[in-house]
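Engineer: Supplied in structure tokens, the structure appears directly below.
Only the coordinates and a few stated rules stand behind these numbers; no lab work does. Computed from a prediction, not measured in an experiment: that's the story for all the values here. Here Cβ is always computed from backbone atoms with ideal geometry, including for glycine, and neighbour counts include all displayed protein chains.
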Amino acid sequence: METMYDRIMKMCKARGMTPSGLCVRLGIRKAIMSDLKSGRTESIRTGTLCMFAGALGVTTDYLLLGKETNLTEKESQLIAAYKQATDSERETIDFILRKYTT
């Protein structure tokens, strides 16, 4: 059975990073990954789960339950890119979005 760690590992690999690198990037203790990998814990705090999901461009449901998201890979990449963008870059993206959503 695929675990939360397996899903995090798969998504990290698809994005060219390691679970440890993801933790460093998010400012989260690396021990969380060790605990998930070893099975010492099967759950994490909601805030941490949300941070992982956001950084990986997936839903929390996917990380928790393995449910596939309805987003395409491109949509997931766009969400992840937006979250990593600078304030100035986000303003540009928001400007473009207003053009197509209003």
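Engineer: Step by step: first the residues of the range 51-68, then only those that are surrounded by 14 or more Cβ atoms within 10 Å (Cβ to Cβ) and without any contact (Cβ under 8 Å) to a residue 24 or more places away in the chain, then the one that is nearest to Arg29 (Cα to Cα). Which residue is that?
Structural biologist: Initially, the range 51-68 is screened for residues surrounded by 14 or more Cβ atoms within 10 Å (Cβ to Cβ), giving 51-60, 62-64.
Filter once more, keeping what is without any contact (Cβ under 8 Å) to a residue 24 or more places away in the chain: 53, 59-60.
Numbers: Ala53: 16, Thr59: 21, Thr60: 19 Å.
Filtering the range 51-68 for residues that are surrounded by 14 or more Cβ atoms within 10 Å (Cβ to Cβ) and without any contact (Cβ under 8 Å) to a residue 24 or more places away in the chain, the one nearest to Arg29 (Cα to Cα) comes out as Ala53.
Engineer: Separate question: Report, ordered by the first and then the second residue, all pairs with beta carbons closer than 8 Å, sequence separation of six or more or different chains, a first member in the range 14-33 that is free of Cβ contacts under 8 Å to residues at least 40 places away in the same chain and farther than 18 Å from Ser76 by Cα, and a second member that is aliphatic (A, V, I, L, M) and loosely packed, with under 14 Cβ neighbours inside 10 Å.
Structural biologist: As it stands, the answer is Lys30/Val24, since those pairs meet every condition given.
Engineer: In the range 1-32, how many are more than 17 Å from Asp61 (Cβ to Cβ) and more than 14 Å from the chain's Cα centre (by Cα)?
Structural biologist: Initially, the range 1-32 is screened for residues more than 17 Å from Asp61 (Cβ to Cβ), giving 9, 12-32.
Now restrict to residues that are more than 14 Å from the chain's Cα centre (by Cα): 29-32.
The number of residues fulfilling the criteria is 4.
Engineer: Starting from the range 72-100, keep only residues that are surrounded by 12 or more Cβ atoms within 10 Å (Cβ to Cβ), then list their pairs with residues that are of a type in the set (Lys, Arg) whose Cβ atoms are within a distance under 8 Å, requiring at least 6 positions of separation or different chains.
Structural biologist: Listed by first residue and then by second, the contacts come to Ala80/Arg15; Tyr82/Arg90.
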